[in-house]
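J.: Next up is a structure, given as structure tokens.
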Amino acid sequence: MEQNIFDQISESLVKTTLRVSFKLASGLPLPLPILRGAMEIGSTIFKPRTDVKINKIKIKDFQNFNEIKAEVATPNTPVQGVLLHCHGGAFFAGSSRTHRALSSEFAARANVKVYMLDYRRAPEHPYPAALDDVKSFYQYLINEGWKADQIFLGGDSGGCALALALAIELRDREQKLPAGIIMISPYVDITLSSPSIHNNIDRDPMIKSYALKRGGEGYRGKFKANDPRISPLFANLKNLPPLLIQAGSEEILVDDAIKLAKRAQEFYVTTELSIYENMWHNFQMFNRFIKKSDQALDEIGHFINKILATTKIH
């Protein structure tokens, strides 16, 4: 379908704004706390839906002597499942606050309760701190009475590495796997070796590899960058639940998305890959301004509903 002039202008304006704000900052050697704060401030342009209720919760993780916080987005329609989503931010930034609007979109479009987790961030808390938090929260959902086939794992950017690593660990421990996994602009290879890292350096209006490298280095700690536990693109992906992978054609991580889909298919994992033309890293967050973002969010809702409908039949 040919794009209308209004959509073209909207995309152009958003790209220009991102280039002179977020992308510019991501390429500077600023202290990580400043970059975190800038992301928090910038996220105020994203407004959560009014038909979704947002609550804050915290749980005690007695195994790791830690308290884990999260925000819960609940739609005003009957809830049929739950999404545990790991926010992006290259492991060092992002929060439930920055992703509140996105959380509300997931909740409304899929009729699920969304838990946006505030896991511990790098470099103050290197691997496996963040993953331990996600594991603990998954177990919390099970203890609350959710069945594994009602739970979806999700992630955007670096959060995808956490969601995928959790699914792999659950499989290795022969525990019940979630119903599906949603990957938005996956940052699952912190070696940053894909061609698009360089080929799309000017095309991606959102982020530079410098910020990803800083976050990845802080996250991996003493582990090598190509360790499958850190970069799950290199892991054994057999017997994982269905995957939905989305990326923009102009982002520096688009090849990571393509590689992940190909690798999952080689392990016979049911995989859907959607590359949205002229879109950028985490473009789904801009649905107030961009039509393709709306379409991508609808695709996520459909993916969840389709799997839950199959679960009910069985």
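J.: Give the range 10-24 a look and list any residue that's touching a residue at least 60 places away in the same chain (Cβ under 8 Å) and closer than 16 Å to Ser209 by Cβ, or say none.
T.: Leu18, Arg19, Phe22, Lys23 - these are the residues of the range 10-24 that are touching a residue at least 60 places away in the same chain (Cβ under 8 Å) and closer than 16 Å to Ser209 by Cβ.
J.: Return yes or no: is Arg263 among the basic types (Lys, Arg) and in a loop (DSSP other than H, G, I, E, B)?
T.: Values: among the basic types (Lys, Arg): yes; in a loop (DSSP other than H, G, I, E, B): no.
It is false that Arg263 is among the basic types (Lys, Arg) and in a loop (DSSP other than H, G, I, E, B).
J.: Here is a follow-up. Any chance you could count how many residues in the range 43-66 are surrounded by 11 or more Cβ atoms within 10 Å (Cβ to Cβ), over 29 Å from Ser21 (Cα atoms) and of a type in the set (A, V, I, L, M, F, W, C)?
T.: Residues that pass the stated criteria total 3.
J.: Still on this structure, please answer the following. Going residue by residue through the range 97-115, is there one that turns out to be under 25 Å from Ile307 (Cα atoms), in a strand (DSSP E or B) and over 14 Å from the mean Cα position of the chain (by Cα)?
T.: yes
J.: Also, I was wondering about something else. Tally time: how many residues in the range 47-83 are under 14 Å from Leu141 (Cβ atoms), part of a strand (DSSP E or B) and aliphatic (A, V, I, L, M)?
T.: Final tally of qualifying residues: 7.
J.: Another one. Mind checking whether some residue in the range 64-76 is in contact with a Pro (Cβ under 8 Å, 6 or more places away or on another chain) and either farther than 22 Å from Cys160 by Cα or not acidic (Asp, Glu) (or both)? Steps first, please.
T.: Applying the first criterion (in contact with a Pro (Cβ under 8 Å, 6 or more places away or on another chain)) to the range 64-76 yields 73.
Among the residues that remain, those that are also either farther than 22 Å from Cys160 by Cα or not acidic (Asp, Glu) (or both) are: 73.
For the range 64-76, residues in contact with a Pro (Cβ under 8 Å, 6 or more places away or on another chain) and either farther than 22 Å from Cys160 by Cα or not acidic (Asp, Glu) (or both): present.
J.: Still on this structure: Taking into account only those residues within the range 282-314 that are modelled with pLDDT under 95 and out of contact with any helix residue (DSSP H, G or I) (no Cβ under 7 Å at 6 or more places or on another chain), which is surrounded by the most Cβ atoms within 10 Å (Cβ to Cβ)?
T.: Among those residues, the one meeting the criterion is Arg288.
J.: Assuming Ser157 fulfils every condition listed in (1) touching a residue at least 60 places away in the same chain (Cβ under 8 Å); (2) out of contact with any Ser or Thr (no Cβ under 6 Å at 6 or more places or on another chain) apart from one, which condition is it?
T.: The number of the failed condition is (2).
J.: Scan the range 59-92 for residues that are among the charged types (D, E, K, R) and either touching a helix residue (DSSP H, G or I) at 6+ places or on another chain (Cβ under 8 Å) or at pLDDT 95 or above (or both) and report the count.
T.: So the first thing to find is which residues in the range 59-92 are among the charged types (D, E, K, R), and the list is 60-61, 67, 69, 71.
Next cut, either touching a helix residue (DSSP H, G or I) at 6+ places or on another chain (Cβ under 8 Å) or at pLDDT 95 or above (or both) only: 61, 69, 71.
Adding up the residues that qualify gives 3.
The values are calculated or read from the model by the stated rules, or taken from the named source; none is laboratory data. Note that the structure is a prediction, hence the values are computed from the model and not measured. All Cβ positions, even for glycine, are placed from backbone atoms using ideal geometry, and neighbour counts span all protein chains on display.
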